[in-house]
Amino acid sequence: MNSERLSALRQSFARLFGQTPRLFRAPGRVNLIGEHTDYNDGFVMPVAISRSTVIAASPRDDRQLHMSSLDFREASGGNVRVSSLDDPRPARAWTDYITGVAAMLERRGLRLRGANLLVASDIPAGAGLSSSAALEMASGWALLHTAGQEMDRTELALAGQEAEHAFVGTLCGIMDQYISANGRAGQATCLDCRSLSAEQLQLPEGFDIVICNTGVKHELASSEYNVRRRECQQGVELLRRFLPRIQNLRDVSLPDFERYRDALPEVIQRRCRHVITENQRVLRTREALREGHWNKLSELLAASHQSLRMDYEVSCAELDLMVDLAQRAPGFLAGRMTGGGFGGCTVNLVERQRSEAFVKAVLTGYNRRTGGNCGIQAEAYVVASASGVCALPDPSPQPELVEQIPGEHCQ
Ligand code: GLA
């Protein structure tokens, strides 16, 4: 987020709450590969990005959260929404992400303070770039600091995931919150979602991450997402008759799956096949990145997209078109849909010198094919990889006096 927006946030906060805030930032993410594997105890490979959510915060003397956003004015109840740390309840509003995280932190035995919070974000909402996880991590970090508390980043991510389950109703996995909390600039993280052990992998040098947003909001995402999750569980229960030791699809090898697949209904077979083969693709991508075999990436990401399209059925015509156009655009190395699907974005690795030409070719082709007139506004963002949640330094005239917070790696 640029410095003008940050000072606008500080000024609006001072006007709204009459106090000087501290700022806390958490990144959105793209996922290079490993889609719909996290809630099956599998492997993912996300990258935190330079689009982020920033929260301005100051402590209150009571146990209330007063929350507002620069990005949308409230439809009712004035410009500030209020919830109580003593009686946190879902309000079916964007503020549930904040109230939910607060509730999950307190459930872990941490005593929080009331806070004034003002949110600004440059992560497009509903585009599959984890604007919700960024809001959860930024507000969690803000609430911890405001109350003088500390927490391990991964524990905060788990609290965010629980908030999403209990307050929002999306039964998401851990990927988005994990990477928003733990991301590292310049690196993709290969995360084992069962053990939560992670390996950092260098991203190819000389390539940009280019996100192409179809402009189709992933509205079906939450309900269909939960359906997919149930279908995977059903697959596990049926396969357990032959493989009694499996806990999750992560534990099923491809040869075992091939042996017993006929016992599963056709749809469940395809869901399981996606997850089992996608886990293998993540591990092969990890090898390719370790060894610097960039050309292998292209093949693996393309196969992931096909599997999400045909077997998992979470792509859509617009995402397929974006992927198709990207594959023929200048400088393209690798790409596919990213995130939960049903709209949203594609992720692409593109030669740095040609990323401008790439964006132009993809957006022109997309607008030509969609007519550019049905309310679909496609966009592209060339992003950098970024580090996880952090407090931003105060705008001090003497930078050496800025308090250093242990464990911080903000860039
Ligand atoms: C959403 C969820 C994640 C993950 C992806 C699909 O982003 O929040 O946990 O399941 O979808 O890979």
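The values are calculated or read from the model by the stated rules, or taken from the named source; none is laboratory data. Everything quoted here is computed from the prediction, not taken from an experiment. Neighbour counts are summed over all protein chains in view; Cβ atoms, including those assigned to glycine, are modelled from backbone coordinates with ideal geometry.
Test Ala127 against the criterion of being on the phi < 0 side of the Ramachandran plot, modelled with pLDDT under 95 and of a type outside the set (Lys, Arg), and give yes or no.
Values: on the phi < 0 side of the Ramachandran plot: yes; modelled with pLDDT under 95: yes; of a type outside the set (Lys, Arg): yes.
Yes, satisfied.
Looking only at the stretch 9-40, count every residue that is in a helix (DSSP H, G or I), out of contact with any Pro (no Cβ under 6 Å at 6 or more places or on another chain) and away from the ligand (no atom under 16 Å from the Cβ) and tell me the total.
8
Name every residue in the stretch 41-51 that is touching a helix residue (DSSP H, G or I) at 6+ places or on another chain (Cβ under 8 Å), of a type in the set (A, V, I, L, M, F, W, C) and more than 10 Å from the ligand (Cβ to nearest atom), in order of residue number.
Phe43, Met45, Val47, Ala48
Failed condition for Thr170, given (1) within 14 Å of Ala26 (Cβ to Cβ); (2) under 14 Å from the mean Cα position of the chain (by Cα), with all others met?
Evaluating Thr170 over (1) within 14 Å of Ala26 (Cβ to Cβ); (2) under 14 Å from the mean Cα position of the chain (by Cα) leaves (1) as the failure.
Can you go through Leu158, Leu144, Leu135 and tell me which one is closer than 25 Å to Tyr225 by Cβ, out of contact with any strand residue (DSSP E or B) (no Cβ under 7 Å at 6 or more places or on another chain) and not in a loop (DSSP other than H, G, I, E, B)? Lay out the reasoning, then the answer.
Numbers: Leu144 fails: closer than 25 Å to Tyr225 by Cβ; Leu135 fails: out of contact with any strand residue (DSSP E or B) (no Cβ under 7 Å at 6 or more places or on another chain).
Every option except Leu158 fails the conditions.
Give the residues of the stretch 42-58 that are closer than 12 Å to Leu191 by Cβ and touching an Asp or Glu at 6+ places or on another chain (Cβ under 9 Å), sorted by residue number.
Of everything in the stretch 42-58, those that are closer than 12 Å to Leu191 by Cβ and touching an Asp or Glu at 6+ places or on another chain (Cβ under 9 Å) turn out to be Gly42, Phe43, Val44, Pro46.
From the list Val101, Val82, Val119, exactly one residue is in contact (Cβ under 8 Å) with a residue 40 or more places away in the chain, β-branched (Val, Ile, Thr) and in contact with a strand residue (DSSP E or B) (Cβ under 6 Å, 6 or more places away or on another chain). Which is it?
Of Val101, Val82, Val119, the one residue that is in contact (Cβ under 8 Å) with a residue 40 or more places away in the chain, β-branched (Val, Ile, Thr) and in contact with a strand residue (DSSP E or B) (Cβ under 6 Å, 6 or more places away or on another chain) is Val119.
Taking Asp87 and the conditions (1) in a loop (DSSP other than H, G, I, E, B); (2) surrounded by 19 or more Cβ atoms within 10 Å (Cβ to Cβ); (3) of a type in the set (D, E, K, R), which numbered condition does it fall short on, given that it satisfies the others?
Going through the list (1) in a loop (DSSP other than H, G, I, E, B); (2) surrounded by 19 or more Cβ atoms within 10 Å (Cβ to Cβ); (3) of a type in the set (D, E, K, R), Asp87 breaks only (2).
So that you can scan it fast, the table gives a plain yes or no per residue for (1) surrounded by fewer than 23 Cβ atoms within 10 Å (Cβ to Cβ); (2) within 14 Å of the ligand (Cβ to nearest atom); (3) not in a strand (DSSP E or B):
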{"residue": "Gln177", "(1), (2), (3)": "no, yes, yes"}
{"residue": "Ser180", "(1), (2), (3)": "no, yes, yes"}
{"residue": "Ala185", "(1), (2), (3)": "yes, no, yes"}
{"residue": "Val227", "(1), (2), (3)": "yes, yes, yes"}
{"residue": "Gly235", "(1), (2), (3)": "no, no, yes"}
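Have a look at Val216, Val275 and point out the one that is buried (at least 16 other Cβ atoms within 10 Å of the Cβ), more than 18 Å from Ser304 (Cβ to Cβ), in contact (Cβ under 8 Å) with a residue 12 or more places away in the chain and β-branched (Val, Ile, Thr). Reasoning before the result, please.
Working: Val275 fails: more than 18 Å from Ser304 (Cβ to Cβ).
Sole residue among the options that is buried (at least 16 other Cβ atoms within 10 Å of the Cβ), more than 18 Å from Ser304 (Cβ to Cβ), in contact (Cβ under 8 Å) with a residue 12 or more places away in the chain and β-branched (Val, Ile, Thr): Val216.
Which numbered condition in (1) within 16 Å of the ligand (Cβ to nearest atom); (2) surrounded by fewer than 22 Cβ atoms within 10 Å (Cβ to Cβ) is the only one that Leu6 fails?
(1)
Name the residue that is surrounded by the most Cβ atoms within 10 Å (Cβ to Cβ), counting only residues in the stretch 129-171 that are within 12 Å of the ligand (Cβ to nearest atom), touching a residue at least 24 places away in the same chain (Cβ under 8 Å) and of a type outside the set (A, V, I, L, M).
Step by step, filter the stretch 129-171, then rank; the result is Glu136.
Here's the yes/no breakdown for (1) over 30 Å from Glu291 (Cβ atoms); (2) more than 16 Å from the ligand (Cβ to nearest atom); (3) not in a helix (DSSP H, G or I):
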site	(1), (2), (3)
Gly173	no, no, yes
Cys190	no, no, yes
Glu205	no, yes, yes
Ile211	no, no, yes
Val216	yes, no, yes
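I'm trying to understand the selection: among the residues of the stretch 107-128, which are of a type in the set (A, V, I, L, M) and away from the ligand (no atom under 16 Å from the Cβ)? Spell out the reasoning first.
So the first thing to find is which residues in the stretch 107-128 are of a type in the set (A, V, I, L, M), and the list is 110, 112, 115, 117-120, 123, 125, 127.
Passing the criteria: Leu110, Leu112, Ala115, Leu117, Leu118, Val119, Ala120.
When you look at Ala102, is it away from the ligand (no atom under 14 Å from the Cβ), assigned by TED's automatic domain parsing to the domain that holds Asp38 and buried (at least 24 other Cβ atoms within 10 Å of the Cβ), yes or no?
Yes; evaluated as a whole, the condition is true for this residue.
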